[in-house]
There are 2 protein chains.
Amino acid sequence: MTAEIWDVVVVGAGLSGLSAAHWLKKRDATMKILILEGKDRVGGRTVTVKLPAANDVDRWDLGGQWVGSTQTHVLKLIKELGLEVYPQFNMGRKVHHMGGPTSKVRTYKTSIPTLSPVVLMDFTQILWKIDRLCATVCVQDPSKTPNAEELDSMTLHTYIEKHAWTAELKEEIGLCSRSVFGIEPSQMSFLFFLMYATAAGGLLKLLESTPGCAQEFKIKGGTQQLSECLADRVGWKNVRLGCAVTAIWQDAEWARVVTATDTFLCRAVIVTCPPHLAAKINYQPALPSQREFLTQNMPVGHMIKFIITYKTAFWREKGFSGEIVAGSSTECPFCVTFDATSPFGNAALVGFIAGQQASHWESKEVGERKNAVLSSLVKYLGPEAASFIHYEEKDWAKEDYSGGCPVNVMAPGLLTYYHPSLRKPFGRIHWAGTETATQWCGYMDGAVQAGQRAALEVLAEVSHMTLTTEEQEELQCIQNVKSASKQRPSSKLVYLPTSKSVVIATLTIGAVLLLAQHQNTVLKIKEYFTNAFSPIKHKLLL
Amino acid sequence: MTAEIWDVVVVGAGLSGLSAAHWLKKRDATMKILILEGKDRVGGRTVTVKLPAANDVDRWDLGGQWVGSTQTHVLKLIKELGLEVYPQFNMGRKVHHMGGPTSKVRTYKTSIPTLSPVVLMDFTQILWKIDRLCATVCVQDPSKTPNAEELDSMTLHTYIEKHAWTAELKEEIGLCSRSVFGIEPSQMSFLFFLMYATAAGGLLKLLESTPGCAQEFKIKGGTQQLSECLADRVGWKNVRLGCAVTAIWQDAEWARVVTATDTFLCRAVIVTCPPHLAAKINYQPALPSQREFLTQNMPVGHMIKFIITYKTAFWREKGFSGEIVAGSSTECPFCVTFDATSPFGNAALVGFIAGQQASHWESKEVGERKNAVLSSLVKYLGPEAASFIHYEEKDWAKEDYSGGCPVNVMAPGLLTYYHPSLRKPFGRIHWAGTETATQWCGYMDGAVQAGQRAALEVLAEVSHMTLTTEEQEELQCIQNVKSASKQRPSSKLVYLPTSKSVVIATLTIGAVLLLAQHQNTVLKIKEYFTNAFSPIKHKLLL
């Protein structure tokens, strides 16, 4: 068997791997780059499918689907590839259900649920505390965060148990954790949670669909196009599908990348698959044990995503936005839904069954799961929800060469002991994938940033090419921890006014509530609160 | 390539795999059993080596080395194989160093360190609380433990931060965690910690070398003999070394066990390797995602074990036992040492660099690490420690087909969501290894119990053999969770008197200390304490 010779082999044809290849090709068109992918398609954790719709068929994303205006890396790529974005529909009443199956289903029109004053105050003070902590986090090297060991030694659950006052807020945070990570608050390091929020510009950025936030825009035609267009640029002949990498062996001269049928020789390898899958590859020489210990303890989220198409967006006609938020106590299988009507007007809803709820529901038959989803939609949006055109779902835990979605998190005690091995090259092996990003880690934007950073490493160290000033700055910004605090002046500017208004709101609500204890005027407070704090309410959303 | 046909293939020739094979062979001598092992030796996490010693050479264990009188499974096996045990030497003064490099080095002769009264009271109340919790734990199904979700949502670190009063006790618990698991308290679920302690009969059982405890006896000639003798019984022709299993494929008729060069067909497979290595095998059909999520989050401990041989046991001559306990703040690389003088009188010390300290020290050259170890020994035992015969160390993180030692723990949030998949067979695949044990989980005893349990599963389900009443009870005891509470009446009897005396001690010391605040009689309290509580002191040891 004669081994093929390439300059660079990229493991994984997701957004990170293809971005890396594209970046390298742009800088050096003569470079021979091979991309190996286990799946029979490109796109990794993004996949776009055609589904029966009101107007024949249309395309929907069953994986990553949103981008936001502060996600500069992916937006630049979208523009470069000639794709377009459109805003997430969020007008009308949203549904909010917490506190048990028989509790009242509330609706609200602003961006914050109609929480009781006590719960809102609780949320406000937690948000203030978390944002203050985020302002101290060093994303590039979280172990340099003040009090890092303490923050990394507890789970998100522990922090919330200690600092939240109300059961309802605790349920809301569980829902946030499931929606954002597909993971329960008990499984995640609190420092990791802070790092992740900071990399996005703050906690609210993860949760909202307002400008600058994670759920702001969608891509016309679907997100898998990003990878397909990149493969066009890189050349499909350089992308081998159905070729899972089983081993990477290095000697003084070569890296040898092994699949079930072939061996490829190259000067550099970029491994982009999620950490729990990168851990399954056989490395010789063995990876440093620091790296092994790290990837042994980075669980991936569990999400079942569903799309339901309808003849009309009946919820819009009834004044609903399509957004439903349901706590785990409500017996509703999903944690959140959104309007997913296509740019061509084909009506649809999208929703997520996540975390512990995904573990519970995945064991059921698809029919039972579908009926439970529809029955909840009928409960929240009306009987029209039962008359759907098509129900499609994807359990990412069962997807080969993904094994979960949307992201791998870190269990407690990793960031402070083993984190440096996350991005540190090992011989000819460089690490990418959204988990290695320092901006919008876990998102498509992070995947692109990580791919480009790994490409820069390869350019600098393998091709011995001179990086531009801009490229040097980009690389230094991620690698050079000393300059980390200088990197986020804008995020601090964002935090401080939020923090100030939030603390003022907290103190005011607190004072009013204390008064209420003596005057039994809860109704009056609610009224007062609704009027006085609407500007602050607009800033908050769960 | 023609595939060989066997009845049962066992993956891993450690104590668990060989016990399973031995048990099957005893019940059905005609059964064709093949054991595949990646290493070039049997024994897994036990390995016995010949080292230069005072009297030529002698044998020492570089892996698991201790057994205890309540470890019925391994003791029965030791007897059956004609091996002998001898007690761990623990006479004389022990060294105890906590609270920073310049703090006073204390020595003590009883089984409990000379703690200050406040720290002792702190230790007493923590022990009381933990033992009370242990008495409620359901080892077979920890999710059935009262308040399981809460206990599983926090790390051991969080529990100790909340319930320990003194910095010294917190350092002691860190040391315990490192010594027992090779893991920091921040990396482990508190419920897992409780389950592990309960499976051993209580927390003190893990820590002491007194009767019934984990460090009670050693095996003459070393622990690897267990596996070697088992291989003798099973037949070395049925053990293939250097044959790592890369894939297990199942269809309606067969399980196909794949190595780099061969495929073996069989009716049942017993996978015994540690969970993080079992996760690297390619399974078709894919394992249930519950199982994948579980093994993604079970980090293995990090331990570097060293043996130093001497001409004479000079420490004994000076009145030392050889036991040194040193906190991570002391700049001492190891956390604990013991006398390791062989039954033939060849003097030696054994010690462990573990957890975060192992991560720190593994990056140094062996010479630097050795010098740091020796310099600490000189500090604690005297200048004679510098004149050694031989220094041997083993970093288990660097051992192929182990990747760590002594055991895989569980990060928070696993026991309550994913635990059932730990032992649940998947088609023809049965799971063993000490991590799957319900008695002395993590120890050699657990490895034997797990191997025998998996063998019983195979006998019952694959060979359709009738199990004896005793075998049925054994299997039911592990599988049938309803009977779990009935299974440990003796442990409750053990806990209660300890708890009572401990709480009385706590209250008395507390009262005396409260008095002291008013009378400034700390010295008198120390005296009082030393005289009055010596019977209780004997019960406690760190």
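General observations
- Filter result (aliphatic (A, V, I, L, M), in contact (Cβ under 8 Å) with a residue 60 or more places away in the chain and over 18 Å from B:Leu191 (Cβ atoms)) within the stretch B:116-135: B:Val118, B:Leu120, B:Met121
- Of the candidates A:Lys379, A:Lys370, the single residue that is surrounded by fewer than 19 Cβ atoms within 10 Å (Cβ to Cβ), among the charged types (D, E, K, R) and either assigned to a helix (DSSP H, G or I) or without any contact (Cβ under 8 Å) to a residue 24 or more places away in the chain (or both) is A:Lys370.
- Odd one out for B:Glu37 among (1) charged (D, E, K, R); (2) open to solvent by 20 Å² or more (accessible area, probe 1.4 Å); (3) farther than 30 Å from B:Lys311 by Cα: (2)
- Whether a residue is out of contact with any Lys or Arg (no Cβ under 8 Å at 6 or more places or on another chain), modelled with pLDDT of 95 or more and either acidic (Asp, Glu) or outside any helix (DSSP H, G or I) (or both) was assessed, and A:Ser103 does not pass this test.
- Checked against (1) surrounded by fewer than 22 Cβ atoms within 10 Å (Cβ to Cβ); (2) over 11 Å from B:Ile219 (Cβ atoms); (3) of a type outside the set (A, V, I, L, M), B:Tyr86 meets all criteria but (2).
- The residues of the stretch A:386-415 that are part of a loop (DSSP other than H, G, I, E, B) and more than 22 Å from the chain's Cα centre (by Cα), listed by number, are A:Ser387, A:Phe388, A:Ile389.
- Looking only at residues of the stretch B:230-247 that are in contact (Cβ under 8 Å) with a residue 24 or more places away in the chain, away from chain A (no Cβ under 14 Å) and among the hydrophobic types (A, V, I, L, M, F, W, C), we find that the one that is surrounded by the most Cβ atoms within 10 Å (Cβ to Cβ) is B:Leu230.
- The stretch B:294-309, residues that are over 22 Å from B:Thr107 (Cα atoms) and touching a strand residue (DSSP E or B) at 6+ places or on another chain (Cβ under 8 Å): B:Gln296, B:Met298, B:Pro299, B:Val300, B:Gly301, B:His302, B:Met303, B:Ile304, B:Lys305, B:Phe306, B:Ile307, B:Thr309
- Residue within the stretch A:42-60 that is farther than 24 Å from A:Thr341 by Cα and under 24 Å from the mean Cα position of the chain (by Cα) present: yes
- You will find that of B:Ser421, B:Ser463, B:Ser402, the residue that is open to solvent by 10 Å² or more (accessible area, probe 1.4 Å) and within 14 Å of chain A (Cβ to nearest Cβ) is B:Ser421 and no other.
- For A:Ala29, the conditions (1) in a loop (DSSP other than H, G, I, E, B); (2) open to solvent by 10 Å² or more (accessible area, probe 1.4 Å); (3) within 25 Å of A:Val180 (Cβ to Cβ) are fulfilled apart from (3).
- Sub-8 Å Cβ pairs linking a first residue in the stretch A:203-220 that is under 7 Å from A:Gly68 (Cβ atoms) to a second residue that is of a type in the set (Lys, Arg) and crowded, with 21+ Cβ neighbours inside 10 Å, at least 6 apart or interchain, are A:Gly212/A:Lys205; A:Cys213/A:Lys205; A:Ala214/A:Lys205, ordered by first then second residue.
- Residue under evaluation B:Ser329, criteria (1) in contact with a Gly (Cβ under 9 Å, 6 or more places away or on another chain); (2) more than 14 Å from every other protein chain (Cβ to nearest Cβ); (3) small (Gly, Ala, Ser), criterion not met: (2)
- Neighbours by Cβ (under 7 Å, 6+ apart or cross-chain): first from the stretch B:136-159, within 12 Å of another protein chain (Cβ to nearest Cβ) and assigned to a helix (DSSP H, G or I); second modelled with pLDDT under 95 and open to solvent by 20 Å² or more (accessible area, probe 1.4 Å): B:Ser143/B:Thr416; B:Ala148/B:Thr416; B:Glu149/B:Thr416; B:Asp152/B:Thr416
- Matching residues in the stretch A:278-294 - criterion: being of a type in the set (Phe, Trp, Tyr) and more than 7 Å from chain B (Cβ to nearest Cβ): A:Tyr283
- Residue selected from the stretch B:283-336 under the condition among the hydrophobic types (A, V, I, L, M, F, W, C) and farther than 29 Å from B:Val47 by Cβ, by the criterion surrounded by the fewest Cβ atoms within 10 Å (Cβ to Cβ): B:Ala286
- Qualifying residue in the stretch B:66-73 (condition: open to solvent by 10 Å² or more (accessible area, probe 1.4 Å), within 13 Å of B:Gly451 (Cα to Cα), in a helix (DSSP H, G or I) and not acidic (Asp, Glu)): yes
- The stretch B:135-171, subset among the acidic types (Asp, Glu) and surrounded by fewer than 24 Cβ atoms within 10 Å (Cβ to Cβ), residue nearest to B:Ala354 (Cα to Cα): B:Glu171
- Positions within the stretch A:425-467 being among the charged types (D, E, K, R) and in contact (Cβ under 8 Å) with a residue 40 or more places away in the chain, in sequence order: A:Arg428, A:Glu435, A:Asp445, A:Glu461
- Condition met for B:Pro275 (touching a Ser or Thr at 6+ places or on another chain (Cβ under 7 Å) and buried (at least 16 other Cβ atoms within 10 Å of the Cβ)): yes
- Test: residue in the stretch A:178-191 that is touching an Asp or Glu at 6+ places or on another chain (Cβ under 7 Å), more than 14 Å from chain B (Cβ to nearest Cβ) and open to solvent by 20 Å² or more (accessible area, probe 1.4 Å): no
- Conditions (1) in contact with a helix residue (DSSP H, G or I) (Cβ under 8 Å, 6 or more places away or on another chain); (2) within 13 Å of another protein chain (Cβ to nearest Cβ); (3) surrounded by fewer than 24 Cβ atoms within 10 Å (Cβ to Cβ); number of the one not met by B:Ala260: (1)
- Looking only at the stretch A:298-319, residues that are touching a Cys at 6+ places or on another chain (Cβ under 8 Å) and more than 14 Å from chain B (Cβ to nearest Cβ) come to 1 in all.
- Whichever residue in the stretch B:167-221 is among the hydroxyl-bearing types (Ser, Thr, Tyr) and at pLDDT 95 or above and, among such residues, is farthest from B:Gly301 (Cα to Cα): B:Thr198
- Candidate set: the stretch A:383-393, residues that are out of contact with any Phe, Trp or Tyr (no Cβ under 7 Å at 6 or more places or on another chain) and surrounded by fewer than 18 Cβ atoms within 10 Å (Cβ to Cβ); chosen: the one farthest from the other protein chains (Cβ to nearest Cβ): A:Pro383
- Within the stretch B:265-277, considering residues that are outside any strand (DSSP E or B) and in contact with a helix residue (DSSP H, G or I) (Cβ under 7 Å, 6 or more places away or on another chain), the one nearest to the other protein chains (Cβ to nearest Cβ): B:His276
The values are calculated or read from the model by the stated rules, or taken from the named source; none is laboratory data. A quick note: this is a predicted structure, and the numbers were derived from the prediction, not measured. Note: ideal-geometry Cβ built from the backbone for every residue, glycine included; neighbour counts use all protein chains shown. SASA here: full protein model, heavy atoms, side chains in, ligands and nucleic acids out. Shrake-Rupley method; radii C 1.70, N 1.55, O 1.52, S 1.80 Å.
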